[in-house]
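The values are calculated or read from the model by the stated rules, or taken from the named source; none is laboratory data. The structure displayed is predicted, hence computed values, not measured ones. Here Cβ is always computed from backbone atoms with ideal geometry, including for glycine, and neighbour counts include all displayed protein chains. To get the accessible areas, we keep the full protein, side chains included, count just its heavy atoms, and leave off ligands, DNA and RNA. Shrake-Rupley method; radii C 1.70, N 1.55, O 1.52, S 1.80 Å.
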Amino acid sequence: MVVQPETFQMHLRELKRHFDLVSLADWVNAKDNDEPLPQKACAVTFDDGWLDNYEYAFPILKEESAPATLFAVADKIGTDFQFWPNIIAGLMFCDGIGAMRDNAVLRSALSSCDPVSGRVSGDQVASVIKALKAHTDLDIFHALESIGWRKYCGEHLGCALMGWQQLNEMRGSGLVTVGSHTNTHRRLTSSVTLPDMEYEIVDSKRKLQRETGDSIDLFCFPNGDYNQEALDMVRTHYRAAVTTRRGINLNRSANRHELTRIGIHEDIASNRRLFGARISGWV
């Protein structure tokens, strides 16, 4: 899931040609208050709080005067946390496949593509990550800790997430709105108890409000996964939420707590023609 800086700038300029770039929060406010909405509004969103959002995307947002929403994983901002898909990719590309075979959970996922060390493709990594999603996040992290993943790829992964100072600098620019992406990025499915779900949904809001001084009204479901209990809790505590389901939200009928989005990656949107096809819904 990569977009090069120059590609991102092209995306913003193309969006400005065809749409009204709006803050997601402003769109929600206008919708709630039955105020006029742009016929073709577009909101830019980022998930997780990656350091490269600050290093590369933020300067371009400022140059283009483009508003955006960043959904932060509250407990992990300013830490050395790595998302487990990153760790899996690191292990597979850094000669850690043998170690992965020493754990039953990881070994079962490897069987989906039978990779060989030194000849790993991106498609094989994606296949293993997809297979591992049959397990809970906690089980996957326990499996990774059991093989001591850091000694194989820890030094190669670098810092994944930005710190609070960087997040607040983005917020203070007036261009970036902060939303919650839970406390720990757990998938909000039936495997999560109600107290843990409250920690992820409600406590993350409190922490982000405490650290930023802003009201946190927007939420993003990790991995796009959620059950009815999670949806009900989000509806109670947030004004709107985004999913990973693909689609365009119509001004009148959009469900504010299950908003769809269009994912943009370098391989499918590296030039104006491909990007236009992607946002039109053709590909």
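Considering only residues that are modelled with pLDDT of 90 or more, open to solvent by 60 Å² or more (accessible area, probe 1.4 Å) and either touching a helix residue (DSSP H, G or I) at 6+ places or on another chain (Cβ under 6 Å) or in a helix (DSSP H, G or I) (or both), which ones fall in region 109-137?
130, the sole residue that qualifies.
Do the conditions hold for residue 61, that is, is it assigned to a helix (DSSP H, G or I), in contact with a Cys (Cβ under 9 Å, 6 or more places away or on another chain) and either of a type outside the set (Gly, Ala, Ser) or more than 30 Å from residue 154 (Cα to Cα) (or both)?
no
Let me confirm something: among 198, 169, which residue is within 29 Å of residue 59 (Cβ to Cβ) and open to solvent by 50 Å² or more (accessible area, probe 1.4 Å)?
Result: 169 is the single residue among 198, 169 that is within 29 Å of residue 59 (Cβ to Cβ) and open to solvent by 50 Å² or more (accessible area, probe 1.4 Å).
Can you confirm whether residue 190 is out of contact with any helix residue (DSSP H, G or I) (no Cβ under 6 Å at 6 or more places or on another chain), in a loop (DSSP other than H, G, I, E, B) and not basic (Lys, Arg)?
When the stated conditions are applied, residue 190 passes them.
In this structure, is residue 105 part of a helix (DSSP H, G or I) and within 26 Å of residue 200 (Cα to Cα)?
yes
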